[in-house]
Amino acid sequence: MDIPYETVERAVAGDQGACREIVEKLHRPVLATIHRFLGRRFSEDSEDIAQEIFLKVFRTLDRFDKDRGVKFTTWVFTFVRNHCFDVLKKKRLRTTSLQSENEDGEDKSWELEDGSGRRPEELVESTELGQQIELALASLGEEQRMVFVLREYEQLDLRSIAEVMDCSEGTVKSRLHRAKEALKQKLQPYLRTS
Amino acid sequence: MNENGRERQDDASTGTISDESLRAILGSYSVVEPSQDFVADTLLRIQMDQHSIPRPSEDFVDRVVCAWADEQAGRPQTEVLSEVLVPVVPFARQSGQELSLSRTELGLAGQRRASLFPMALALVGFAAALALAFFVGRQSASSSVLSDENLVRIEDFPSRGSNRFARSLSLIVDRVDNDLLGNQRPGQTGPAYPRPVLSLPAPPSSLIPSAAVELHVDRATLESLGIAWEQL
């Protein structure tokens, strides 16, 4: 899936065909990662978020250094990770701000607890497995969630994930393992036992 | 506890569920398809973004530095532009430092004045031919000492003085053709007239896209040619 460096060079030189090639090849994995990491509460914004990420990528395209031994796709996913983390950070700030301004005393902490943006009654009504997986993913910490999505859904290798997350491969393995175990517990009713 | 130890403990807690089983259900969490226009919209935004940050022109820094230097020197912008665009510099009275500065100024704005080059080159060639004619025709004549008061200086050529310069040259050339190029007046011996001096500065440097021309003609020569000083 990786983009040839020659294509990147052409895009740096202003070749719009090369830009299109990059966006066409990467927009699905980028959008899917955004969607899985941020959850459906951001589904209406996911394409805007993806566009922002692509803009950041293209603004700094000339800084991509192939001699570092990092794949272009991996480099792009570092933008995905950073931007998604920023989005959540801003969301948390806004949510905290709304809570502090809440005068009727209603507890809205559920928004922070499950991260899905859904009210408890909606959760009870939800029986679809996909939604349960989304909830389970949302319960993970940000670092674990991103590692899990990149590994299990986008099939990135451990080294690439370590590059994206700016950590060691050992840390990636550890986060991945903990994420799996947490998900197994959350999704136990849907999993076949041996 | 090391990484392996933790793994073993976790496996013990959920020992009956395999990774394969988890993977088998992960596909149930599908994502929505991107909209059909997503790629086109993204490319449009990228192009707009690229075009919204125009790159500065190549001589942008030079122009800023020049403008800043001029401002520090207290020169109004209009005069500065005029001076930069006028390639004729009175080399004869110029110190080395001034000359260096002038050449720098001229060189920095060279690209913008490229259109002036052909006209300046033609006039330089014309003046050079005229000088050669003088020297060939009056080789034996003694040189005269010229004072600044008796020099015609076309210092603002070509932007403001090009017409004047051309008129002066044509006046002189007419007389030279008729009277000076080896054609003495009837009954006259020896040098007919004081030697006119038409001097050219050193060949233009590659840094100077337009040539610098200075016309030196003394008053007596002009009068002997029948040209009034005031005509120039």
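Here is how the numbers come out for the structure above:
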| read-out | value |
| --- | --- |
| Exposure ranking of A:Arg59, A:Arg40 by accessible area [1.4 Å probe, largest first] | A:Arg59, A:Arg40 |
| Hz values of 3J(HN,Hα) by residue in segment A:46-56 - Karplus curve (6.51, -1.76, 1.60), Gly and Pro given as x | 4, 5, 5, 4, 4, 5, 4, 5, 4, 4, 4 |
| Kirkwood-Stokes translational diffusion coefficient of segment A:5-91, alpha-carbon pairs, 20 °C, 1.002 mPa s, µm²/s | 160 µm²/s |
| Where A meets B: accessible area buried, both sides, 1.4 Å probe, Å² | 3900 Å² |
| Drop in accessible area of at least 10 Å² in the complex versus isolated chain, residues of segment A:50-80, 1.4 Å probe | A:Gln51, A:Glu52, A:Phe54, A:Leu55, A:Phe58, A:Arg59 |
| Computed lengthening from A:Asp45 to A:Gln185, 0.36 nm per intervening residue step minus Cα-Cα distance | 47.4 nm |
| FRET E, pair A:Thr78, B:Gln72, Förster distance 51 Å, beta-carbon r, rounded to 0.05 | 0.65 |
| In order through segment A:11-21: 3J(HN,Hα) via Karplus (6.51 cos²θ - 1.76 cosθ + 1.60), integer Hz, x for Gly, Pro | 5, 4, 6, x, 6, 5, x, 5, 4, 4, 4 |
| B:Ala129 versus B:Ala220: modelled label distance in nm, points set 7 Å from Cα along the beta carbon direction | 3.0 nm |
| Members of A:Lys56/A:Lys89; A:Lys66/A:Lys89; A:Lys89/A:Lys186; A:Lys25/A:Lys90; A:Lys56/A:Lys180 lying beyond 20 Å, as alpha-carbon distances in this model show | A:Lys66/A:Lys89; A:Lys89/A:Lys186; A:Lys25/A:Lys90; A:Lys56/A:Lys180 |
| Fraction of accessible area attributable to carbon and sulfur, segment A:5-91 (%, probe 1.4 Å) | 42 percent |
| Sequence of A:Cys84, B:Cys66 when ordered by accessible area, the most exposed leading, probe 1.4 angstrom | B:Cys66, A:Cys84 |
| Peptide B:37-44 - average C-beta neighbours from other chains (10 Å radius) | 6 |
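The values are calculated or read from the model by the stated rules, or taken from the named source; none is laboratory data. Please read all numbers here as calculations on a predicted model, not as lab measurements. Methodologically, a virtual Cβ is constructed for each residue, glycine included, from the backbone with ideal geometry; neighbour enumeration extends over all protein chains shown. Quick note on the areas: whole protein, heavy atoms, side chains included, nothing else; ligands and nucleic acids left out. Shrake-Rupley method; radii C 1.70, N 1.55, O 1.52, S 1.80 Å.
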